[in-house]
Amino acid sequence: MREPERSGGMVLPIAAGAIGIVVGLLVQIGLSNRGQAPLVPPLSLPATLVVIGGVLLALGIRLRRAVRHRPGAVNPFHAVRLLAASRAGVIVGALLGGFGGGLALSLVGRTVAAPVATWLPMVLALLGGIVLVVCSLIAEALCRVPPGDDEPEADGDPEPGPADQPAFRVH
């Protein structure tokens, strides 16, 4: 029988997003205090985040299909690498999305509205980070091994292990 899922898996992305927001706010406040223009991320940042999310999602779907059609033919190292990349995507997406959100949040309290060319890349960075987090979480879920014949049944005897082999039996 499997353990129930814990809700603690969302703590890390939320914390990373909060850190990104704080860093984005501090960067904008520091630049403002020095009399400099606000930091505007390049449009390639949200585009890159979305592309990475799409690649992770495509690889996750491909892995899930391979597990369903040919369970023994899947390289476990491939699955572990995809799982690690997906977990990294969650953290990076939360950090960079939070950073974009913090940059945009700093513009909210200003008396003069910022031009679209200033706030749009910040909001797009936030949205790109959200897309990466969502795609990474889905890819991470696709890396889970589905229950199969190799798991012991809940109401039956457990699967024989090393202690049940002849070399380990007590006579």
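I need a count of the residues in segment 16-56 that are out of contact with any Gly (no Cβ under 9 Å at 6 or more places or on another chain) and either under 28 Å from residue 110 (Cβ atoms) or among the basic types (Lys, Arg) (or both). Of the residues in that region, 13 qualify. Checked against (1) over 21 Å from the mean Cα position of the chain (by Cα); (2) within 23 Å of residue 142 (Cα to Cα), residue 33 passes all but a single condition, namely (2).
With the condition kept exactly as written, say whether any residue in segment 62-79 is within 19 Å of residue 16 (Cα to Cα) and buried (at least 18 other Cβ atoms within 10 Å of the Cβ). No, because not a single residue in segment 62-79 is within 19 Å of residue 16 (Cα to Cα) and buried (at least 18 other Cβ atoms within 10 Å of the Cβ).
Yes/no per residue for (1) modelled with pLDDT under 85; (2) among the aromatic types (Phe, Trp, Tyr); (3) farther than 19 Å from residue 144 by Cβ:
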| site | (1), (2), (3) |
| --- | --- |
| 68 | yes, no, no |
| 71 | yes, no, no |
| 77 | no, yes, no |
| 93 | no, no, yes |
| 111 | yes, no, yes |
| 118 | no, no, yes |
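For residue 124, the criteria (1) open to solvent by 30 Å² or more (accessible area, probe 1.4 Å); (2) not in a helix (DSSP H, G or I) hold in every case but one, which is (2). Of note, residue 86 does not satisfy the criterion of being over 23 Å from residue 127 (Cβ atoms), among the polar types (S, T, N, Q) and either in contact (Cβ under 8 Å) with a residue 40 or more places away in the chain or open to solvent by less than 30 Å² (accessible area, probe 1.4 Å) (or both).
When 13, 46, 42 are checked against the criterion of being outside any helix (DSSP H, G or I) and touching a residue at least 24 places away in the same chain (Cβ under 8 Å), a single residue qualifies: 42.
The values are calculated or read from the model by the stated rules, or taken from the named source; none is laboratory data. Everything quoted here is computed from the prediction, not taken from an experiment. Cβ atoms come from the backbone with ideal geometry, glycine included; neighbour counts cover every protein chain shown. Quick note on the areas: whole protein, heavy atoms, side chains included, nothing else; ligands and nucleic acids left out. Shrake-Rupley method; radii C 1.70, N 1.55, O 1.52, S 1.80 Å.
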